[in-house]
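Student: The structure follows.
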Amino acid sequence: MIKRFFLVAALLCASTAYADEEDFDHSLQADPKGDVEISNVAGTVNVSGWDRQVVQVTGSLGEGVERLDFRSEGKRTIIKVLLKKSTHWGDGGDADLQIRVPAASRLDINTVSADIVVHDVTGAQRLQAVSGEVTTEVDAEEAEVKTVSGDVSLRGEGKTSVLNLTTVSGNAQVSHVAGEITATTVSGDLTLSLDKLTRARLRTTSGDLSMRGAMADSARVDGETISGDLSFTFKSPVDAEFDIETFSGDINNCFGPKSQSKSEHGPGRELHFRQGAGSSQVRVNSLSGTISICDR
Amino acid sequence: MKDELHTGDEQDDVLKAVGQLPQSIEPQRDLWPDIASRLDALVPARRRGLQMGWTLALAAGLGCVALGALLAVGVMKGSGSSTTGNLTAQATSPATTALPAQTTAPASGDTAQVRQASLGGYAMLGPEYEQARAQLLIGLAERLDRLPPVERQKVERNLNEIRRALGELNAALQLAPNDTLLRELLLNTYHDELTLLANVNQIADTIPSRSQS
Amino acid sequence: MTLPPRAIDTEQEWVERARDGDRAAFEQIYRAYSGKVYGLCLRLTREASIAEDCTQETFISAWRNLNRFEGRSALGTWLHRIAVNASLARGRKGHLEVVPPPQDDAGEEREPSVLMDATPPLDVEAAIESLPEGARHVLVLYGIYGYTHEEAASMLGIAVGTCKAQLHRARRLLRERLSA
């Protein structure tokens, strides 16, 4: 039997909400630029920004949920799903939450398998899931997304920001992000489509990476992989120094210069060349992965 | 050590069957080259000549939060010649792929010079690194337990992925001990392992708790 | 300083020369005992890559601590003590599964036990691997490697009574699983 209840925006309240009080409606006033911390195990977390200074939570809770902890502490609003002690993984502990927050709120969301969806929030985001999928729009100066195996789909607004993306095996698709990006994965695949890049630090152990984007003046791109394939497509005109090195992988370069052996007798290939005035720097290393560089 | 069955156990068919199992199982590959490399790390710094600038701050205990607060880059101590006998604190060497047969007879010239570039194990990265890693590993098993079983397997699989990469790098360094690219990749991959451990610890720490009521 | 290689007849000579820094002598020790050390590590940890780590650590520690080996026990026993410590330090809890090979999310399969390639009887080795950690450790030390309860308890850091109880449990579980 699924408990279903609705928490409707209305009153000032700073106390904890309990899911089993079906006639208890909750909403909380919130600072327009406050912090909203959301914690859920399974189900969904769907957050959208609005122009009211209120945090509203609606949703449904599975049988395995003990209660929903919903309270504010100063400028922090806390929404936390608490499971019953007896609830095990995949055993009715789902909570589907629809949350509306002041648009400029800073979000801090942690889930296990619950998917995270965020849109129309302009504050900084810190999103973390174990296996849940993360889908977000970023319109802030900074965003951090971490998953173990959950896939990530992140779309920016082309504004300069600092993005930090980490997955263990989850795949990630990033688009319309500008500024600085740090993306790290062990075995996930990363697909990045960037607007104006100032700095990129990209690392994979075995995952593949495909980056497409334009470099700002004096941009710096550092890519490294052990056995994944790295593919870079830079928007023309390209104005960069390239330093590419691999121990046992291949180097494909459509700009012209071919890679050469590092030494007469040993393994390793390298490619150093300048395109245009060379104001930016692109440095890519691999142990055995293939590195491809091209323009469009 | 005794090779015979315990007196009085002959009547126990289970113990009899267990006693017939081979005591010796050869590893799938020769571990001596890696061991020898790590023993080289115990040679005093003045003989090694490998200078790297890398410092690792000790992981902030069980409550490690963000990686940026956890790890810092500094100067790696040149000497790995710690004489600590504390086995529980010992870092483990990475799983490595099969290596070509290696002679252990001293090569012409300075053996230490030839071996120095092969980092060959966590001990080479200095006691601070080992401490940070050991600290993260202490909490790892408990934190992995907090994850759903499927996710725990994925983390372990990816840790093994990194350790396989370390093995490949160490194997490559055997062939090209002075290759700076390999050394850089190796150090970064050791760092990747620490990063993964710290991230897993941090993610597990934030997993929603169960009600106390 | 490494002495020129020469014929080494006894284990005692290997130890004495290794104490003096003779790497070749220490390699002889490794060659003689790597199988027994690895075999123990593998059965305690149940995972080949971890067992390799533990084996390496065992010999590294042995090299560092050779001056503490007084010869009162056999060299193999001393190495096994170090190996047990290394395995316990790296040990996982009994319910952790063998890590499967990289696969897509669908269709993951468990990697075959690394002991499946051991000599027969296949079932016994696999059955031992399936035992809970405490029972397995005692059974391996007592049943395969022939240590007494006192020795096994000392290695594992448990009471002799606990060791005996774990062995009893191991035998019962093994009998059930082998007859299943």
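The values are calculated or read from the model by the stated rules, or taken from the named source; none is laboratory data. Quick caveat, the model's predicted, so the values are computed rather than measured. Using ideal geometry, Cβ is built from the backbone for each residue, glycine included, and neighbour counts are taken over all protein chains shown.
Student: Among the residues of region C:25-44, write down those that are surrounded by fewer than 24 Cβ atoms within 10 Å (Cβ to Cβ), basic (Lys, Arg) and more than 7 Å from chain B (Cβ to nearest Cβ).
Tutor: Passing the criteria: only C:Arg31.
Student: All but one of (1) surrounded by fewer than 21 Cβ atoms within 10 Å (Cβ to Cβ); (2) in contact with a helix residue (DSSP H, G or I) (Cβ under 9 Å, 6 or more places away or on another chain); (3) at the interface with chain A (Cβ under 7 Å from one of its Cβ atoms) hold for B:Arg164, so report the exception by its number.
Tutor: (3)
Student: Out of curiosity, is C:Glu47 buried (at least 21 other Cβ atoms within 10 Å of the Cβ), under 25 Å from C:Ala170 (Cβ atoms) and of a type in the set (Asp, Glu)?
Tutor: The answer is yes for C:Glu47.
Student: Also: Go through the residues of region A:79-91 one by one and say whether even a single one is surrounded by fewer than 16 Cβ atoms within 10 Å (Cβ to Cβ) and at pLDDT 90 or above. Before you say what the answer is, go through the steps one by one.
Tutor: So in region A:79-91, the residues surrounded by fewer than 16 Cβ atoms within 10 Å (Cβ to Cβ) come out as A:85-86, A:88, A:90-91.
Now narrow it down to the ones that are at pLDDT 90 or above: none.
No, the conditions are met nowhere in region A:79-91.
Student: Shifting gears a bit: Within region A:205-224, track down each residue that is among the β-branched types (Val, Ile, Thr) and free of Cβ contacts under 8 Å to residues at least 40 places away in the same chain.
Tutor: A:Thr205
Student: Pick from A:Val130, A:Val152, A:Val121: which is closer than 17 Å to A:Asp35 by Cβ, in contact (Cβ under 8 Å) with a residue 12 or more places away in the chain and either among the β-branched types (Val, Ile, Thr) or in contact with a Pro (Cβ under 8 Å, 6 or more places away or on another chain) (or both)?
Tutor: Just one listed residue meets the conditions, A:Val121.
Student: Going by the conditions given, is A:Leu197 touching a Leu at 6+ places or on another chain (Cβ under 8 Å), without any contact (Cβ under 8 Å) to a residue 60 or more places away in the chain and not β-branched (Val, Ile, Thr)?
Tutor: Working: touching a Leu at 6+ places or on another chain (Cβ under 8 Å): no; without any contact (Cβ under 8 Å) to a residue 60 or more places away in the chain: yes; not β-branched (Val, Ile, Thr): yes.
Against the criterion (touching a Leu at 6+ places or on another chain (Cβ under 8 Å), without any contact (Cβ under 8 Å) to a residue 60 or more places away in the chain and not β-branched (Val, Ile, Thr)), A:Leu197 does not qualify.
Student: List the strands (runs of 3 or more DSSP E) inside region A:190-296, counting only whole elements, that have at least 2 residues being within 14 Å of chain B (Cβ to nearest Cβ) and in contact with a Gly (Cβ under 6 Å, 6 or more places away or on another chain). Talk me through it step by step, then tell me what you get.
Tutor: On the way: elements: A:190-204, A:209-225, A:230-234, A:240-246, A:251-253, A:269-275, A:280-286, A:291-295.
In region A:190-296, the matching strands (runs of 3 or more DSSP E) lie at A:190-204, A:280-286.
Student: Restricting to strands (runs of 3 or more DSSP E) lying wholly in region A:79-175: which have 2 or more residues that are within 13 Å of the chain's Cα centre (by Cα)?
Tutor: It comes to A:106-111, A:115-119, A:125-129, A:134-138, A:142-147, A:152-156, A:160-167.
Student: Moving on to the next point. Taking the stated definitions as given, is B:Asn188 polar (S, T, N, Q), surrounded by fewer than 19 Cβ atoms within 10 Å (Cβ to Cβ), at the interface with chain A (Cβ under 7 Å from one of its Cβ atoms) and assigned to a helix (DSSP H, G or I)?
Tutor: It is true that B:Asn188 is polar (S, T, N, Q), surrounded by fewer than 19 Cβ atoms within 10 Å (Cβ to Cβ), at the interface with chain A (Cβ under 7 Å from one of its Cβ atoms) and assigned to a helix (DSSP H, G or I).
Student: Under the condition of being in contact (Cβ under 8 Å) with a residue 60 or more places away in the chain and over 16 Å from C:Trp78 (Cα atoms), which residue from region C:139-163 is surrounded by the most Cβ atoms within 10 Å (Cβ to Cβ)?
Tutor: Ranking the candidates gives C:Val140 first.
Student: Another question, if that's okay. If I go through region A:195-224 residue by residue, how many of them are surrounded by fewer than 20 Cβ atoms within 10 Å (Cβ to Cβ) and at negative phi?
Tutor: Count: 12.
Student: Moving to a separate point now. Please give the number of the condition A:Ala103 fails out of (1) farther than 25 Å from A:Glu142 by Cβ; (2) small (Gly, Ala, Ser); (3) touching a strand residue (DSSP E or B) at 6+ places or on another chain (Cβ under 8 Å).
Tutor: The single condition A:Ala103 does not satisfy is (1).
Student: Based on what the data block shows, is C:Trp14 modelled with pLDDT under 90, of a type outside the set (Gly, Ala, Ser) and buried (at least 21 other Cβ atoms within 10 Å of the Cβ)? Don't jump to the end; show me each part of the working.
Tutor: Numbers: modelled with pLDDT under 90: yes; of a type outside the set (Gly, Ala, Ser): yes; buried (at least 21 other Cβ atoms within 10 Å of the Cβ): yes.
Yes; evaluated as a whole, the condition is true for this residue.
Student: Run B:Asn158 past the list (1) more than 9 Å from chain A (Cβ to nearest Cβ); (2) closer than 26 Å to B:Arg143 by Cβ; (3) crowded, with 21+ Cβ neighbours inside 10 Å and report the number of the one that doesn't hold.
Tutor: Condition not satisfied by B:Asn158: (1).
Student: Of everything in region A:37-46, what is farther than 20 Å from A:Gly74 by Cβ and within 17 Å of the chain's Cα centre (by Cα)? Give them in sequence order.
Tutor: Selection gives A:Thr44, A:Val45, A:Asn46.
Student: Got a sec? Which helices (runs of 4 or more DSSP H) wholly within region C:132-180 have at least 3 residues that are more than 8 Å from chain B (Cβ to nearest Cβ), under 17 Å from the mean Cα position of the chain (by Cα) and under 19 Å from C:Asn85 (Cα atoms)?
Tutor: C:133-139, C:149-156
Student: Another question, if that's okay. Condition check: among the hydrophobic types (A, V, I, L, M, F, W, C), under 22 Å from A:Lys33 (Cα atoms) and either free of Cβ contacts under 8 Å to residues at least 40 places away in the same chain or surrounded by fewer than 23 Cβ atoms within 10 Å (Cβ to Cβ) (or both). Does A:Leu192 satisfy that?
Tutor: Working: among the hydrophobic types (A, V, I, L, M, F, W, C): yes; under 22 Å from A:Lys33 (Cα atoms): no; either free of Cβ contacts under 8 Å to residues at least 40 places away in the same chain or surrounded by fewer than 23 Cβ atoms within 10 Å (Cβ to Cβ) (or both): yes.
Here the answer is no, as A:Leu192 does not meet what is asked.
Student: Which of the following residues is surrounded by 16 or more Cβ atoms within 10 Å (Cβ to Cβ), free of Cβ contacts under 8 Å to residues at least 40 places away in the same chain and not basic (Lys, Arg): A:Ser259, A:Ser227, A:Ser280? Walk me through it before giving the result.
Tutor: Details: A:Ser227 fails: free of Cβ contacts under 8 Å to residues at least 40 places away in the same chain; A:Ser280 fails: free of Cβ contacts under 8 Å to residues at least 40 places away in the same chain.
Result of the check over A:Ser259, A:Ser227, A:Ser280: A:Ser259.
Student: Quick check on my filter: what residues within region A:153-181 are within 14 Å of chain B (Cβ to nearest Cβ) and within 23 Å of B:Glu151 (Cβ to Cβ)?
Tutor: Across region A:153-181, the qualifying residues are A:Asn164, A:Leu165, A:Thr166, A:Thr167, A:Val168, A:Ser169, A:Gly170, A:Asn171.
Residue by residue, here is whether (1) in the same structural domain as A:Gly207 (by TED's automatic domain parsing); (2) of a type in the set (Asp, Glu); (3) surrounded by fewer than 21 Cβ atoms within 10 Å (Cβ to Cβ) holds:
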position	(1), (2), (3)
A:Val118	no, no, no
A:Thr136	yes, no, no
A:Ala140	yes, no, yes
A:Ala143	yes, no, no
A:Ser149	yes, no, no
A:Leu154	yes, no, no
A:Glu157	yes, yes, yes
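Student: Could you go through region A:66-73 and let me know if any residue there is outside the structural domain of A:Gly170 (by TED's automatic domain parsing) and under 19 Å from A:Ser153 (Cβ atoms).
Tutor: There is no residue in region A:66-73 that is outside the structural domain of A:Gly170 (by TED's automatic domain parsing) and under 19 Å from A:Ser153 (Cβ atoms).
Student: Which residues, taken from region B:167-185, are surrounded by 24 or more Cβ atoms within 10 Å (Cβ to Cβ) and more than 7 Å from chain A (Cβ to nearest Cβ)?
Tutor: B:Asn170
Student: Something else: Could you please find all residues in region C:61-87 being of a type in the set (Phe, Trp, Tyr) and more than 7 Å from chain B (Cβ to nearest Cβ)?
Tutor: Across region C:61-87, the qualifying residues are C:Phe69, C:Trp78.
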